[in-house]
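Below is one structure, written out as structure tokens; the observations come after it.
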Amino acid sequence: MSFRREVGLGLFWVALATIASKGFSLLRQLILARLLVPADFGLVTSAYVAIGALQLFQELGFSSALIYRKSDIEEAANTTFIVVMVSSVILYGVAWFSAPLVAALFKNEALVQVLRVLSISIVISAVSQVPMSLLAKGLGFKNQVIPEMIAIILGSVLSVALAVMGWGVWAIVHGQIATALLNSVLVWFFCPWRPSFVFARRVAKELWDYGKHMVGFQIMVFLITNIDNAFIGRFMNSAVLGVYGLAYNLSNLPATHLSRIVGQVMFPAFSKVQEDANRLNNVFFKSVKFVSLVAFPVSLITLVFAKDFIVVAYGSKWYLAVLPLQLLTIYGLARSIAVNMGNVFKAGGKPNWLLYIATLRLVVMAALLYPAIRWQGINGVAGLSAIVAVADFGLSLYLTNRILQAPWRRYMRIFLPMLVVSTGTAILGHQLYRWTEGLIHPFLSMPLTGGIALVLYLGIMYLYDPEVRLVAAQAWGGVLREFRRMRMAHGQSQV
């Protein structure tokens, strides 16, 4: 199979699974937001701040190093598996004993039991780390995403069922544990590799030499993306943190899910062409173009529809999330596009650049967060995050171009038309919503008019850009070929 087709199929399968599973997760969140209170979400958010801090040291960058590695793959996989399992057990112990200290930090005694139960997911998720990395390394994304999708759907069903039964915050906790457990079990049915529990010290040192930069970067990213939660939880309360967490998650749908799609597929892809500058350049610009093609309209529609969506979908008790949602949407848009740049740094042998950028961003956030909270509360925090994200995006773009050496007008030809068209179609879609507000129930008119805006945007871009038309035709042809192949395989199995 050609490299282009491998990448295309990888993007297709990861995108399909992400759309399906995250759509289901969004539906779960809508239902849980109606059944639970903001304080429940704030409590889980606080627990995840602590768990996320511990998980930074779970795989020590070995997973990224395993994907990047060209030789001794079996030894590297076995070594990584042992390191991840041992570190995860240690981290679970740290989580258990430090729970009272974390609860004291957030001034919430209920956090002790929530953290102790939820942190078992650290050990559970460790079981799937290496097989998931090996599947990604071989661009076997179909086998990677199927167990993830099944786990998310079943875990979401469990959460909703427990919430209906009145379990409160434990509905979220047990749903997350079930999701991690199902994924860790199911992935082994799709990955042929089995550990032999042989630790190679030489290989471990080589993996660490690459992975240590990733650990440093991940620490910085964690601090950047959670320092706002920590400040809000410390200086405000769990209910406000729950509101902010909802706004953050909704605004970062493009960033979180597009980053996941692109990060899973494009880092292994970039690693395969790391020694060919022209191919690396072309792969990067194609990936950034088609991420932006989706990220711009989703972000602009979210920004324009924010007030109506929060009130209609979540209810008036979540109204304080409106302005943070709009401000954080800018932050999410910058993140979703910048993920491609980070992959260029890693594949180009410059993972230390990620660390430098993240360190600078963290220093700025740490210096200005407290004044932002005192000035405008969660609105000030969201505004600060948006400003810093835009500045970070500009710096990342500059450094990316030091590797790619592309003319700046090439970037403008990608971003400017998408920004203009997505802004116009989002405003038009919202106006259509206003016109139909009294005629159709908002639960129907909002997705309808938002969908019209998205389709109109894609139609204009399809007509405007010949590369979009070419890739759309190639993608459709590839999907048809894949389904024909699957149907033929199924028919042969029936004979």
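Rule-based calculations on the coordinates, nothing more; no lab input. Being a predicted model, the structure only gives us computed values, none of them experimental. Heads up, the Cβs are rebuilt from the backbone with ideal geometry, glycines too, and the neighbour counts pull from every protein chain shown.
Table for the structure above
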| quantity | calculated |
| --- | --- |
| Kirkwood-based shape ratio for region 25-156, expressed as Rg/Rh from alpha carbons | 1.04 |
| Volume per residue that the Cα convex hull of region 1-235 spans, once the total is divided by residue count, Å³ | 127 |
| FRET efficiency estimate (nearest 0.05) - Cβ-Cβ, Ser71 to Arg409, R0 30 angstrom | 0.15 |
| Reciprocal mean inverse distance between Cα atoms of region 306-347 - Kirkwood radius, Å | 11.9 |
| Estimated FRET transfer efficiency when R0 is 56 angstrom, pair Leu439-Asn352 (beta carbons, to 0.05) | 0.45 |
| Region 1-235 - percent relative contact order, Cα under 8 Å, separation 6 or more | 33 |
| Arg194 paired with Val157, simple spin-label distance in nm, labels 7 Å along Cα-to-beta-carbon | 3.0 |
| Segment Leu416-Leu480, extension gain: residue separation times 0.36 nm, minus the distance between their alpha carbons | 19.8 nm |
| Rounded to whole Hz, the Karplus (6.51, -1.76, 1.60) HN-Hα couplings of region 380-393, x for glycine and proline | x, 5, 5, x, 4, 4, 5, 5, 5, 5, 5, 5, 4, 4 |
| Pair-distance profile P(r), taking every C-alpha pair of region 340-438, with 10 angstrom steps and integer % | 13, 28, 28, 24, 7, 1 |
